[in-house]
Amino acid sequence: MRMNNEYVIWFNHEKCTQCHGCEVACRSWRGLEGQGLLFRSVINVWRGDYPNAKNHSVSLSCLHCVDPECAAACAVEAITKREKDGVVEVDEAVCIGCKACLDACPYGVPRFGSDDLMKKCDFCLDQALGNSGPPCVATCPGDALTFRKLDLKEKEVHMSYISRLLE
């Protein structure tokens, strides 16, 4: 039975200061230094031409999609979605590193380590978290990131918002 509420890290681009603190917190908390991996990236998106060019940032990690295309594309079923909270997980013991998930993800989120296996954000749910949620959220000085549980409709709205920001 699928839950009506799922976890999401909500991003508000108007509050992002482009400090990259969320990247640093994630990398440090997950021990990713020196591995060339980022589970969360701050991306600058430019629109328009000089002299009217404008930019905004998108702090991006796995959105734990309502219907994850990465899971549907995985031939060995290494990517699954937990019914109880909507967390999309990858089983590295099953992953074969084919990168079909990367091709399928509309956000380009899956990352691959030196072992060529897919790795991704899991909201740090296996860690002892404080009241402010995952370290990327807790570190954000502008409160551009918030850890929430949303109904599926709200989550889809947020996914569309992120898609529009990346265009």
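Annotations
- Among the listed values [x] 1.26; [y] 1.31; [z] 1.03, the one matching Cα Rg over 2.2 N^0.38 Å as calculated from this structure is [z].
- Phi-based couplings in Hz for the stretch 32-46 (Karplus 6.51, -1.76, 1.60; Gly and Pro marked x): 9, 4, x, 9, x, 9, 9, 7, 10, 10, 9, 10, 8, 10, 9
- Length added when fully stretched, residue 126-residue 157, from 0.36 nm per residue minus Cα-Cα: 8.5 nm
- The helix-only estimate of mean residue ellipticity at 222 nm for the chain, built from DSSP H runs of length n ≥ 4 each weighted as -39500 (n - 2.57), is -6000 deg cm²/dmol after division by the residue total.
- Of the beta bridges in the chain, as assigned by DSSP with both residues counted there, near 100 percent are antiparallel.
- Members of 54/149; 119/155; 120/153; 99/153; 15/54; 119/149 lying beyond 27 Å, as alpha-carbon distances in this model show: 54/149; 99/153
- Carbon-plus-sulfur accessible fraction, the chain (probe radius 1.4 Å, protein heavy atoms only): 49%.
- Simple label model, 7 Å out from Cα along Cβ direction - residue 49 to residue 35, nm: 4.4 nm
- Å² of accessible area per residue within the stretch 1-113, as computed with a 1.4 Å probe and no ligands counted: 55 Å²
- Helix axis angle, 152-166 relative to the chain longest principal axis, alpha carbon, degrees: 50 degrees
- Net length gained if the chain between residue 15 and residue 56 were fully extended (0.36 nm per residue, minus Cα distance): 13.7 nm
- Within the listed set 155, 120, 54, the residue fluctuating most in the Gaussian network model of the chain (springs between alpha-carbon atoms under 10 angstrom) is 54.
The values are calculated or read from the model by the stated rules, or taken from the named source; none is laboratory data. Source: prediction; values computed, not measured. Quick reminder, even Gly has a Cβ in these numbers, built from the backbone with ideal geometry, and neighbours come from all protein chains shown. The accessibility values were calculated without ligands, DNA or RNA, using every heavy atom of the protein model including side chains. Shrake-Rupley method; radii C 1.70, N 1.55, O 1.52, S 1.80 Å.
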